[in-house]
Amino acid sequence: MFLRCNERFKNGKNHRYWNIVENKRTSGGRIVQRQVLYLGEINDNQQEAWRKTIEIFEEGHKQPKQMLLFPEDASSYKRAHNAIHVRLNELQIKKPRQWGACWLFCELWSLLEPDRFWIDKLLPGRKGTRWLNVFKTLTAYRLIDPGSEWRLHRLWYEQSAMGDLLGEDYGLVQKDKLYRCLDKLLEHKEYLFSFLRERWQNMFNVKFDILLYDLTSTYFECDPPGAGIRKFGYGRNNKENERF
């Protein structure tokens, strides 16, 4: 594996985007590159920040020594700095996971303040299960990468940063807990809708007489759509829906 930099000239300046890639040999003997991890743009200020975060400990020394990550740029910095080469063939990526979308979800969750509604309804279980965190994870999953509860249990949770952000381990998404949490939510359904309507109304200062919203995949069937405002819509159940 090695670092690859792609440069792009935009808005009057060069932007550098970094990836960790590896070479893969195809059946025809051709070498192709597979992106292992996208690191994003690293501008000059970020490079300096990276330099400040890299420290090594040498045997026999109690204090860490400051090192530079980019030895090719060392001439532009004080000679007092030392430079090290990163052995990319020995670099290991452990537990890569989606962080940004999960972090943004948690920020939006805090903004909406649903904890005020659920704090006395999803109390921790006798065995320490924090049902509110189970619900947060289910909600994040539905928003970011919707799928079945089984897929959340088997794949998505460990590929996301929800465990890190919530301070939970894999036990949070045992499949029985996911289904039990959904059962716990059902009895509060109508009250939750009222709470969400109130939050939306207060946050955006809106006024209305009737509010219509759809949280299901409800559809209706008829012989072919007539003229007017009726038309075919998107069918999540592989059916030809009508919407109006």
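What ranking, highest mean first, results for peptides 34-41, 111-118 when packing means the other Cβ atoms within 10 Å averaged over each residue? Walk me through the numbers on the way to the answer.
On the way: 34-41: 11.4, 111-118: 14.0.
Listed from highest to lowest mean packing, they are 111-118, 34-41.
Amide H contacts for residue 98 (H built 1.01 Å from N in the peptide plane; partners 5 or more residues away or on another chain; cut-off under 5 Å): 160, 161.
What pairs in 127/175; 94/127; 94/184; 184/207 have C-alpha atoms more than 24 Å from each other? Working shown, then result.
Working: 127/175 16 Å; 94/127 30 Å; 94/184 35 Å; 184/207 32 Å.
Checking Cα-Cα distances, 94/127; 94/184; 184/207 exceed 24 Å.
The shape of the range 100-190 comes out rounded: with a ≥ b ≥ c from the C-alpha gyration tensor, a/c is under 1.5.
Proximity of backbone amide H atoms, modeled 1.01 Å from N, is registered between residue 36 and 20, 21, 22 at under 5 Å, excluding neighbours fewer than 5 places apart on the same chain. Only Cα sites of the range 1-42 enter the Debye sum here, all with the same form factor; the resulting log10 I(q)/I(0) across q = 0.21, 0.34 1/Å is -0.69, -1.07, listed in q order.
With neighbours defined as other Cβ atoms within 10 Å of a residue's Cβ, the residues 144, 119 order from fewest to most as 119, 144.
Sorting 155-162, 180-187 by average packing, meaning the other beta carbons within 10 Å per residue, from highest down gives 155-162, 180-187.
Bear in mind these aren't lab numbers, they're just calculated from the coordinates by the rules spelled out. As the structure is a computational prediction, the values presented were derived from the model and not from experiment. Positions of Cβ are generated from backbone atoms using ideal geometry, with glycine treated the same way; all protein chains shown enter the neighbour counts.
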